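Engineer: Sharing a structure below in structure tokens format, with a few things to ask.
Please treat every number below as a calculation from the coordinates, not as lab data. All of these numbers come straight from a predicted model, not from anything done at the bench. Cβ: placed from backbone, ideal geometry, glycine included. Neighbour counts: every protein chain shown.
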Amino acid sequence: MQTPTQDRLDARRVVLTVDSGEITAVDHDPANAASVDHELPSSHVLIPGLIDLHIHAPQWPQLGTGYDLPLEQWLFEYTFPLEASFADVDHARAVWASMVPSLLAHGTTTAVYYSSIHVEATTALAEACIDHGQRAWIGRVAMDHPEGTPPTYRDPDSATAIARTRESIRQLQALDDPHSLVTPTITPRFIPACTDETLAAMGALAAETGLPVQTHCSEDDWEHGHVLDRYGETDTTALRRFGLLDTGAILAHCGHLTNDDLAVLATLPGGIAHCPLSNVYFGNAVFPAAQALAAGVRVGLGTDIAGGPSPSLLAQIPASVNSARMLEEGVDPARPSGERGRADARIDTLTAFWMATAGGASVLDAPLGLLEPGRRFDAVAIDLRDAAPTFDHLPAEPDLVRFERLARLATHADIRTVWVDGRRVYDHGEHS
Ligand SMILES: [Zn+2]
């Protein structure tokens, strides 16, 4: 099952031909297949690999905890001290060895990672992704603003932030990566944590290298307000002025964009990492996904580990549908009906699934997200026996109904096999 567009389901049984990790042919008449190497059981469906556009790798140890504080205090109280511990590369390796296979088992075939500020830990993260076979966009975090970062966890000055970023990119590009899984990604944490000098230098580095950028954009009232106070302009305008939006920026959250921001982003490469569960705790608002998509902006989904409490991109699919519906209906019963919500804000499961796959691929401008010729074979086999049981005494459900159950009810426990670049990287071991 896959969604070639936001409003179309493709649920045909097919035979895929894969050569060197690339899908080279799709035969829609399985009877034509002369020999099939691997046939899925009838209860299994194959979906494109899930693309998680926003993960803070060093926050893996705090996942699911500490949601009592707003973003700025959360960062200083819990998160920055934890990330600082990744100066110890042995600690980092142990965490990556837990996280990368776990995320593959959750169906995350492509992960977009912020590492810590540490070059060594960042290279070790890339090595873990290559070892376990996960496709990954990876960036050493640049953060040097003396007010937006603690003294125990920052680049001491802009020159160091730039030098460490260059060295990290050099090390990632020097790795033995035969499947080209790793894409170095320029990663200024967000405007409050960076000096103007560093933001400008990261933009210049993007222009020089052509590498993509990732950062946070208009995340919550505090962050969005900081940028308005500092520059008198929105994150989108400031990031563009610093040259950070020209090579395909992956912009996390974006819950507080203006209509002008959306119009600008629609003209640029890259797009938005929509993190619906994280936004519940830190966004101060629901990201209006329907509005962004209608404006022509590319949108994918992210867990925002550990700002979001789940490692599962599957879980973001119903979460994005639910949060959009709550935006449309409104949330405060004390307000009169008709004044509670925002019209036309809902999205359906097709759109949400598209964001988790093809939409994420469009943000990354990568040949992923669909099972069609010319794209890489990143895929997840899901056993629908629990999420969408069938009964011999009842007629078979239409494909769209089974898809809706998949999108709303399937969890990582239903995942049986995961492939990245044509290689089997996770197997639940149950093919009955
Ligand atoms: Zn984040």
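Engineer: Can you give the local net charge around His253? Use residues other than it whose beta-carbon is closer than 9 angstrom to its beta-carbon, Lys and Arg +1, Asp and Glu -1.
Structural biologist: -4
Engineer: Grab the other residues whose beta carbon is less than 15 angstrom from that of Gly338, score K and R as +1, D and E as -1, and report the net.
Structural biologist: So the environment of Gly338 carries a net charge of -2.
Engineer: Shape of the range 75-227 from its Cα gyration tensor (a ≥ b ≥ c, root eigenvalues): rounded if a/c is under 1.5, otherwise prolate when a/b > b/c, or oblate?
Structural biologist: Taking the square roots of the gyration eigenvalues as a ≥ b ≥ c, the range 75-227 is prolate.
Engineer: Now for a different question. So if I take the alpha carbon set of the range 327-416, get Rg, then get Rh from the Kirkwood formula, what is the Rg over Rh ratio?
Structural biologist: Ratio of gyration radius to Kirkwood radius: 1.10.
Engineer: Given the options Asp177, Asp332, Asp19, which has the most mean-square fluctuation in a GNM of the chain, springs set between C-alpha atoms less than 10 angstrom apart?
Structural biologist: Among Asp177, Asp332, Asp19, the largest GNM mean-square fluctuation belongs to Asp332.
Engineer: Please order Ser362, Ser35 by the number of other Cβ within 10 Å, starting at the fewest.
Structural biologist: Ser35, Ser362
Engineer: Gap in Å between the Cα centre of the range 372-393 and the Cα centre of the range 27-90?
Structural biologist: What the calculation gives is 19 Å, centre to centre.
Engineer: Next question, about the same structure. Kindly rank 40-52, 143-155 from highest to lowest mean number of other beta carbons found within 10 Å of each residue.
Structural biologist: Packing order, densest peptide first, comes out as 40-52, 143-155.
Engineer: Separate question: If you take the square roots of the eigenvalues of the alpha-carbon gyration tensor of the range 64-125 and sort them as a ≥ b ≥ c, do you get rounded (a/c under 1.5), prolate (a/b over b/c) or oblate?
Structural biologist: Cα axes put the range 64-125 in the oblate bin.
Engineer: Cut-off is 10 Å between beta-carbons; in what order do Thr411, Thr357 appear when sorted fewest neighbours first?
Structural biologist: If I rank by nearby Cβ atoms, fewest first, I get Thr411, Thr357.
Engineer: What is the spread of the Cα atoms of the range 336-380 along each of their three principal axes, largest first, in whole Å?
Structural biologist: 51, 19, 14
Engineer: Now, a different point. Mind jotting down the distance between the C-alpha centroids of the range 274-293 and the range 132-177, whole Å?
Structural biologist: 27
Engineer: For the chain, compute Rh as the Kirkwood radius over C-alpha pairs and then the Stokes-Einstein diffusion coefficient at 37 °C and 0.692 mPa s; write the answer in µm²/s, rounded to an integer.
Structural biologist: After rounding, the answer is 150 µm²/s.
Engineer: Report the dimensions of the range 166-247 along its three principal axes from the alpha-carbon atoms, largest first, rounded to Å.
Structural biologist: The principal-axis extents, from largest down, are 46, 22, 19 Å.
Engineer: Relative contact order (percent) for the chain, with alpha-carbon contacts under 8 angstrom and 6 or more residues of separation?
Structural biologist: Computed value for the chain: 21 percent relative contact order.
Engineer: Can I ask one more? Around Arg405, what is the net charge, scoring Lys/Arg as +1 and Asp/Glu as -1 over all other residues with Cβ under 15 Å from its Cβ?
Structural biologist: Combined, the nearby Lys, Arg, Asp and Glu give -4.
Engineer: Something else now. Which of the peptides 231-237, 402-408 is most tightly packed, and how do the rest follow, going by the mean number of other Cβ atoms within 10 Å of each residue?
Structural biologist: Put in order of decreasing packing, that is 402-408, 231-237.
Engineer: Which whole number in µm²/s is D for the range 238-348 by Stokes-Einstein, with the Kirkwood Rh taken over Cα pairs at 4 °C and 1.567 mPa s?
Structural biologist: Diffusion coefficient, whole number: 89 µm²/s.
Engineer: Report the Stokes-Einstein translational diffusion coefficient (µm² s⁻¹, integer) for the range 32-105, Rh taken as the Kirkwood radius over Cα pairs, at 4 °C with viscosity 1.567 mPa s.
Structural biologist: Answer, rounded: 82 µm²/s.
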